[in-house]
1. What percent does the relative contact order of the chain come to when contacts are Cα pairs within less than 8 Å and at least six residues apart?
2. Name the residue farthest towards the positive end of the dipole of the chain from the options V83, I4, G49, assuming +1 on Cβ of Lys and Arg, -1 on Cβ of Asp and Glu, about the Cα centre.
3. Just in segment 26-118: which chymotrypsin sites (Phe, Trp or Tyr not before Pro) are loop by DSSP and have at most 11 other Cβ atoms within 10 Å?
4. For every other residue with a beta carbon closer than 11 angstrom to the beta carbon of A8, add +1 if it is Lys or Arg and -1 if Asp or Glu, then tell me the sum.
5. If you line up the long axis of helix 84-100 against the longest principal axis of the chain, both from Cα atoms, how many degrees apart are they, to the nearest 10?
6. How do T79, T94 rank when sorted from fewest to most other Cβ atoms within 10 Å of their own Cβ?
7. Which residue, chosen from G93, H18, P36, occupies the Cα position most advanced towards the positive end of the dipole of the chain, where the dipole is computed from +1 (Lys, Arg) and -1 (Asp, Glu) charges on Cβ about the Cα centre?
8. Only four residue types carry charge here, +1 at the Cβ of Lys and Arg and -1 at the Cβ of Asp and Glu. Report the dipole size of the chain about the Cα centre in Debye, rounded to the nearest 20.
Amino acid sequence: MSAIIVSACLLGVPCRWHGRAVSPSSVLRRFRLAHPDIRLIAVCPEEIGGLPTPRPPVKRRRGRVFETCAEKPNRRDVTGRDVTDAFRAGAAGTLAIARENGCHAAILCKWSPSCDLI
């Protein structure tokens, strides 16, 4: 049976920065119906990298990742610590999981600060 990596939040797992679940992706639901033989491997690179849930939102700046303000109007400003190492560890861990499971494809969350970069 083949397998693919999937962002856990797209499956409804409450692992996003705010700690709330979102509805499972309609694209992913259709994919599962069309490909029942493919095993989905749920991953959250931020959690794999050691970040907690919930966690502060982040911004990418010049190849680094920084915590920022939770209030949306102020979120564009970098206000917190550099968490780049956790994001790199999450990417490496996600890649290791993909390799261990023989994954050759992924369905990842667009606009995610980690999934959108992997």
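1. Computed value for the chain: 31 percent relative contact order.
2. It is V83, whose Cα lies furthest towards the positive end.
3. The qualifying sites are W111.
4. Neighbour charge sum, excluding A8 itself: -1.
5. Relative to the chain, helix 84-100 is tipped by roughly 10 degrees.
6. T79, T94
7. Farthest towards the positive pole: H18.
8. In debye, rounded to 20, the chain gives about 380.
No value in this document is a laboratory result; all are computed from the given coordinates. Note that this is a predicted model, so its numbers are computed, not measured. As a convention, Cβ positions derive from the backbone with ideal geometry for all residues, glycine included, and neighbour counts pool all protein chains shown.
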